[in-house]
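Here's the structure, in structure tokens; my notes come after.
The values are calculated or read from the model by the stated rules, or taken from the named source; none is laboratory data. Just so we're clear, the structure is a prediction, and the values are computed from it rather than from any experiment. Virtual Cβ from ideal backbone geometry, glycine too; neighbours counted across all protein chains shown. Ligands, DNA and RNA are excluded from the accessible area calculation, which covers all protein heavy atoms including side chains. Shrake-Rupley method; radii C 1.70, N 1.55, O 1.52, S 1.80 Å.
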Amino acid sequence: MRILTGITPSGTLHIGNYFGAMRPAIELQDRGEAYYFIADYHSMTALTDAEARRGFTRGIALDWLACGLDPKKAIFWRQSDLPEVCELTWLIGSLTPMGLLERAHSFKDKTAKGISPNFGLFAYPVLMAADILLYDTNLVPVGKDQKQHLEMTRDIAIKFNQTYGETFVVPEEEIRDEVAVVPGLDGQKMSKSYGNTVEIFGDEKALRKKIMGIVMDSRTPAEPKPDADKNLAIQLLKLVAPADVAADYENRLRAGGLGYGDLKKGLFEHYWNYFAPYRAKRAELAANLDYVESVLRDGAERARATASVVLKRARKACGLE
Ligand code: ADP
Ligand code: TRP
């Protein structure tokens with residue numbers, strides 16, 4: 001089984017990215033052939049600062065390697081090191097109906113917000129489909145927000161196969177329901193575009209301040225809180241604390257007697273400890289960037305071995321060869 005996922009270098013990774021995308025992907029590297037890439041082409045629809053792109057790309061490489069991506073098990077590369085994906089985008093894009101792309105949430109949400117769309121934003125699901133189809137992918141672990149893109153990928157693969165004959169593997173998505181949407185500090189979905197994130201790595205003081213700043217209601221500590229399971233700090237605690245510890249906090253909050261300040265302090269400690277080993281590993285890697293670069297270069301070579309076979313198959317199927 002071949003498992004593939006990409007992560008866009010458009011900012012600093014947060015714990016929504018970690019629990020929704022990274023951790024499931026890292027666990028899956030033991031279950032099949034893992035293909036994981038940094039989607040730097042995808043970052044271009046929104047980010048136009050070249051230095052920032054380089055920085056985020058390097059940062060994400062460090063993050064993934066620090067959090068347990070094992071380059072001996074997984075193929076890890078930078079998307080743009082295989083420009084072949086752009087060729088495949090054209091091949092499949094030429095069969096993709098405008099209507100399908102017009103219905104994409106990613107496009108509709110941005111235009112509804114008044115962002116004037118460019119070709120890249122409109123074509124984004126086609127590039128994403130090419131990312132997946134280029135490697136004969138069976139399984140794509142993603143968050144809920146990517147579900148529609150996977151459906152579009154399947155539609156595109158099926159249409160190509162019907163038009164030109166069996167060419168592409170039709171992939172499945174894997175969405176982890178228990179962590180499907182990690183809430184942000186304001187209760188909405190955690191997202192860098194909402195400014196409500198808790199970063200995986202960052203300055204201790206600033207992160208403590210963010211967590212201690214979560215706004216709660218004005219009920220007194222003594223008051224029982226029957227809605228304890230809906231409490232944002234409890235929801236986040238369930239991700240970073242052992243199950244019995246999180247359950248204990250939840251029970252104390254429900255019964256009354258646990259103040260919000262103490263709850264948030266507990267959340268911060270568990271969050272900070274959860275990522276401590278990864279923080280140490282990341283510092284080590286950051287001092288050895290040549291190694292990180294060599295991992296990505298080697299990954300690109302291994303990815304190309306697969307991509308060249310699939311691209312040739314697609315080119316032949318549609319009469320380019
Ligand atoms: P952001 O919303 O911060 O821009 P991205 O769109 O770059 O995040 O998402 C990268 C990956 O992380 C995707 O697979 C996405 O589904 C997942 N992801 C992002 N935010 C969350 C969240 N709050 N909960 C669960 N998964 C998330
Ligand atoms: N679009 C995905 C996101 O925003 C990132 C991505 C690009 C991706 N190509 C992919 C994810 C292919 C899975 C498979 O999160």
Subject >> Nearby lysines by direct alpha-carbon distance to K312 (threshold 30 angstrom, same-chain neighbours under 8 apart not counted) >> reply: K72, K73, K147, K159
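Please state the charge dipole magnitude for region 202-274, taken about the Cα centre, from unit charges on C-beta atoms (+1 on K and R, -1 on D and E), reported in debye and rounded to the nearest 20. The partial results should precede the final answer.
Details: 12 positive and 11 negative charges, 47 e Å.
That gives region 202-274 a dipole magnitude of about 220 debye.
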Original post:
With point charges of +1 on the Cβ of Lys and Arg and -1 on the Cβ of Asp and Glu, referenced to the Cα centre of the chain, which listed residue (P83, F275, S193) lies farthest in the positive direction of the dipole?
Top reply: S193
Original post:
What size of dipole, in debye to the nearest 20, comes out for region 106-229 about its Cα centre when the only charges are +1 on Lys and Arg C-beta atoms and -1 on Asp and Glu C-beta atoms?
Top reply: 600 debye
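Given a 1.4 Å probe and heavy atoms of the protein chains only, how would you sort S218, S94, S43, largest accessible area at the top?
Values: S218 115, S94 75, S43 0 Å².
Accessible-area ranking of S218, S94, S43, largest first: S218, S94, S43.
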**OP:** Mind checking which of A317, L95, V140 is farthest towards the positive end of the chain's charge dipole, using Cβ charges of +1 (Lys, Arg) and -1 (Asp, Glu) about the Cα centre?
**Re:** L95
Original post:
Which pairs, out of K110/K209; K238/K281; K110/K192, put more than 19 Å between their alpha-carbon atoms?
Top reply: K110/K209; K238/K281
Subject >> Distance in nm between pseudo-label sites at D109 and K73 (7 Å out along the Cβ direction from Cα) >> reply: 3.0 nm
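To the nearest 20 debye, what is the magnitude of the charge dipole of the chain about its Cα centre, counting +1 on the Cβ of each Lys and Arg and -1 on the Cβ of each Asp and Glu?
Working: 42 positive and 43 negative charges, 75 e Å.
Here the size comes out at about 360 debye.
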Original post:
If one computes the Cα centroid of region 32-83 and of region 278-321, what distance in Å separates the two points?
Top reply: 9 Å
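Stick to Cα atoms and the Kirkwood definition of Rh, then tell me Rg/Rh for the chain. Numbers along the way, then the final one.
Numbers: Rg = 21.3 Å, Rh = 21.1 Å.
When Rh is taken as the Kirkwood radius, the ratio is 1.01.
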Original post:
Each residue of region 207-218 in order: what ³J(HN,Hα) in whole Hz does its phi give by Karplus 6.51 cos²θ - 1.76 cosθ + 1.60, θ = phi - 60°, with x for Gly and Pro?
Top reply: 6, 4, 4, 4, 5, 5, x, 4, 7, 10, 7, 9
Original post:
Per-residue HN-Hα couplings for region 104-114, Karplus 6.51 cos²θ - 1.76 cosθ + 1.60 at θ = phi - 60°, whole Hz, x for Gly and Pro?
Top reply: 5, 4, 4, 6, 5, 4, 5, 5, 4, 7, x
